[in-house]
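Q: Below is one structure. I have some questions about it.
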Amino acid sequence: MTMYRFCFYALSGLALSLLLGSGSAYAQKDWTADRPNFVVIVGDDLGFSDLGSFGGEIRTPNLDRLASEGLRVTNFYVAATCSPTRSMLMTGLDNHVVGLGAMYEQTAPNQLDLPGYEGTLSREYPTIAEVLKDNGYHTYMAGKWHLGHEPTMIPHSRGFERSFSILNGAGSHFDMTGGNDANEESEFVEDDEYLTRLPKNYYSSRTFTDKLIGYIESNRGDGQPFFAHLAFQVPHDPLQVPDKWLRRYLGEYDEGWDVLRERRLARMKALGIVPEHTENSPRLWYVPEWDKLTGIAQFTNARRMEVYAAVVEYMDKEVGRLVDYLEENGLLENTYIVFFSDNGANPQDPIAQAKKRAGVILGANFYATNYRTAFASWGRKDGFVAQATAWAQLSTTPFSGFKLTSYEGGLRSPLIVWKPGHSRAGQVNTDAIVHVSDMAPTLLDLAGIPEDALYRSDTEGLQRGESQRALFDGSSSAGRTSFGTELFGGRAYREGRWKITWMHAPYGTDEWQLFDLEADPAELHDLSAAHPQVKSQLIAAFDAYAAANNVTIPDRTAYDGLEDNLPPRPPVDAPDWPRGQEKNWTTEEETDNEH
Ligand SMILES: [Ca+2]
């Protein structure tokens, strides 16, 4: 295949030189030199402010270098969870159009048989890898796929010339142990082969990077540009890191989430990531104040974040290894590198949830059999620990919400774009709205490939990606003007500074809220009453988006009944409400209630 492509392009170059007349300067030119390489790196459940260059206290010097030499975009949006984001990255279309209207794992009864809700990536539309491959690019991927398990659905069948992937949404970082009782063993593929064992010394972040570098190296110097997708599985739980890294952040989270969230916000303001007037979202009403925790509770909770930070820093180290490889081999200066996260930080703790579920035996038994959940094992090869809600709020500072929600904490991701030429190095763009579906058309534009290779006529009227070439190049600071999104019934539509958000109670209000994100990035002040016209215009825009893009609001979600299982949420404007103490409070309804 490679040979065929090489010959084909050599021949087309020859044909062109004949047309132009032999001996012209063009005939001497390596025409592929104009076409940049692309490296698209995606983190898994990394929060908006985790990276040093976005205000985090986690040490990420390699990504910070890319940020200081490149561009940071602070209004970059993804979906509220993993596979829907990945489906939009791959196709440049809305997740409800390409099969990920819901996640495979969480499709509602009224969505089950609907087109667009297959839970796997549709074959009706081309992927960016297929288009780039058809246009002379090498296409490589290493890491998490989560878009289908069948032979026709794996990266090898969706345009990736070489690939090494975990097909599942989660699992061990050291072996093939799955992530939960519905997925007891992870499935891995290399190219078209389903693996029965993993490479020696396997650790997800390290092995994925090794594989990707190996693929690039195997064809280096053959004149073809490449598209390389590095899809890290970190910092998704279980948080695991090589032993030498276990003590790297010892003691660094002892001050607790309250202090550290404020400190992050101060750094974000100093870096220009958020405006000076930004307020921090309040600590969730059922999360205790750090200072009220007992010493042992502080000790164990701090450990969660110490491990999380080590996992993130290890990922950063691997990014550095890839960048060093590109640099040492003269590839970097013709390469665009993009980094972002697939969704916000994850509030869930599967261990705690397994203890509460109806299928308690299955869930708890899975973790008891496959992982060590005791404190001493946290972060280790066979240990299982998650970041959990309180620290997920740190990772999404200063926003409301987190993964799974349509608040900014779920949808906004850090975006770093490193580009050849370093125009406007270190710029922080706080104006441009960019959406993950913009990636595919942007790469095509940068490669000089017509957009209709990706967007056929049957995609007109759909919410499509928009090329951000001018933004990437530095010739413009503008992005798109609007986008809509929906997942598990959580909804949002953003247009300019305005955003409407519909989120289930108790995290939201079961109603549309209206926010001015320039004045209020953390979505704390609902302006519905003050601007009813803006609100109704945005609701109409969301409805049009939903109708055009196949959105069906689910009739059942994981939020159903949640309100009854959490302490009552205090009113928004109740400064005297003693946050963190609500578990001791009962409402009248509860006292009246028989249960
Ligand atoms: Ca994810």
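Q: Treating only the Cβ atoms of Lys and Arg (+1) and Asp and Glu (-1) as charged, compute the dipole magnitude of region 337-485 about its Cα centre; round to the nearest 20 debye. Provide the component values of the computation, followed by the final result.
A: Values: 14 positive and 13 negative charges, 179 e Å.
Roughly 860 debye for region 337-485.
Q: Within 10 Å, at most 10 other Cβ atoms, and a DSSP state outside H, G, I, E, B define an exposed site. Report the longest part of the chain free of exposed trypsin sites (Lys or Arg not before Pro).
A: Values: sites that count: R197, K200.
So the longest stretch without any such site is 201-595.
Q: Shape verdict for region 103-146, please, from the Cα gyration tensor: rounded (a/c under 1.5), prolate (a/b greater than b/c) or oblate. If you can, show how the numbers build up before the last one.
A: Working: a/c = 7.49, a/b = 2.15, b/c = 3.48.
Oblate shape, in that a/c is at least 1.5 and b/c is the bigger or equal ratio.
Q: Counting only GluC sites (Glu not before Pro) that are in a DSSP loop and have at most 10 other C-beta atoms within 10 Å, tell me the longest site-free stretch of the chain.
A: By the stated rule (loop sites, at most 10 other Cβ atoms within 10 Å), 1-275.
Q: Distance between the C-alpha centers of region 330-388 and region 473-530? Whole Å please.
A: 28 Å
Q: Ignoring everything except DSSP H segments at least 4 long, calculate the 222 nm mean residue ellipticity for the chain; use -39,500 (n - 2.57) per segment, divide by total residues, nearest 500. Kindly include the intermediate steps, with their values, before the conclusion.
A: On the way: 17 runs with 184 residues, N = 595.
The helix-only estimate for the chain comes to -9500 deg cm²/dmol at 222 nm.
Q: Using only Cα atoms, tell me the angle between helix 82-91 and the longest principal axis of the chain; keep it within 0 to 90° and round to the nearest 10.
A: That helix lies at roughly 20 degrees to the long axis.
Q: State the answer as a single residue: which of N329, A345, V259 lies farthest towards the positive end of the charge dipole of region 258-346, with beta carbon charges of +1 for Lys and Arg and -1 for Asp and Glu, about the Cα centre.
A: The Cα lying farthest towards the positive end belongs to V259.
Q: In addition: Would you work out the charge dipole size for region 76-211 about its Cα centre, treating the Cβ of every Lys and Arg as +1 and the Cβ of every Asp and Glu as -1, and quote it to the nearest 20 debye? Intermediate results must be reported in sequence, preceding the final value.
A: Details: 10 positive and 19 negative charges, 103 e Å.
The dipole of region 76-211 has a size of about 500 debye.
Q: Select from V436, V312, A354 the residue farthest towards the positive end of the dipole of the chain; place +1 on Cβ of Lys and Arg, -1 on Cβ of Asp and Glu, and compute about the Cα centre.
A: About the Cα centre, the residue reaching furthest to the positive side is V312.
Q: Then there is this: Could you tally the net charge around I416, taking each other residue with its Cβ under 13 Å from the Cβ of I416, Lys/Arg +1 and Asp/Glu -1? Can you show the working numbers first?
A: Working: positive: R65, R72, K419; negative: D50, D64, E69, D316.
Value of the local net charge: -1.
Q: Here's another thing I want to ask about it. Relative to the longest principal Cα axis of the chain, at what angle does helix 256-271 sit, 0 to 90 degrees, rounded to 10?
A: Here the helix axis deviates by roughly 40 degrees.
Q: Pull up the cross-link candidates among the aspartates and glutamates for K317, meaning alpha carbon to alpha carbon under 13 Å and not fewer than 8 places away within one chain.
A: D64, D210
Q: Can you tell me what share of the DSSP beta bridges in the chain is antiparallel? A percent to the nearest 5 is fine. Show your work: numbers first, answer last.
A: Values: 35 of 65 bridges.
Looking only at bridges with both residues in the chain, the antiparallel portion is about 55 percent.
Q: When the dipole is taken about the Cα centre of the chain, and only Lys, Arg (+1) and Asp, Glu (-1) are charged at their Cβ, what size is it in debye, to the nearest 20?
A: Numbers: 54 positive and 83 negative charges, 329 e Å.
My answer is approximately 1580 debye.
Q: Once you've got the Cα coordinates, tell me which of K200/K355; K269/K403; K211/K419 are over 25 Å apart. All intermediate terms of the calculation are to be shown ahead of the outcome.
A: Working: K200/K355 34 Å; K269/K403 23 Å; K211/K419 23 Å.
Check vs 25 Å cut-off fails for K200/K355.
Q: Hey, could you get me the Stokes-Einstein D for region 377-504, Kirkwood radius over alpha-carbon pairs, 10 °C and 1.306 mPa s, rounded to whole µm² s⁻¹?
A: Numbers: Rh = 17.2 Å.
Reported coefficient: 92 µm²/s.
Q: Mind giving me the nanometre distance, one decimal, between the label points for D510 and A376, set 7 Å out from Cα along Cα→Cβ?
A: Each label point is offset 7 Å from its Cα along the Cβ direction, giving 4.8 nm.
Q: If neighbour count is taken as other Cβ atoms inside 10 Å, put Y314, Y325, Y194 in order from fewest to most. Walk me through the numbers on the way to the answer.
A: Numbers: Y314 23, Y325 17, Y194 12.
Ranked by crowding around the Cβ, least crowded first: Y194, Y325, Y314.
Q: Quick one: angle between helix 532-548 and the longest Cα principal axis of the chain, in degrees between 0 and 90, rounded to 10, please.
A: Tilt of helix 532-548: around 50 degrees.
Q: If only Cα atoms are counted, what is the Rg of the chain, and what is its Dmax, in Å?
A: 23.8, 92
Q: Could you please report the charge total around W512, scoring K, R as +1 and D, E as -1 over all other residues with beta-carbon less than 14 angstrom from its beta-carbon? Mind dumping the intermediate values first?
A: Details: positive: R491, R494, K499, K535; negative: E486, E495, D510, E511, E523, D526, D543.
Residues near W512 contribute -3 overall.
Q: Projecting each Cα onto the charge dipole of the chain (Lys/Arg +1, Asp/Glu -1 at the beta carbon, about the Cα centre), which of A505, A170, F227 comes out farthest on the positive side?
A: Projecting each Cα onto the dipole axis, the largest value belongs to F227.
No lab work stands behind these numbers, since they all come straight from the coordinates. Just so it is clear, the model here is predicted, and its values are computed rather than measured. As a convention, Cβ positions derive from the backbone with ideal geometry for all residues, glycine included, and neighbour counts pool all protein chains shown.
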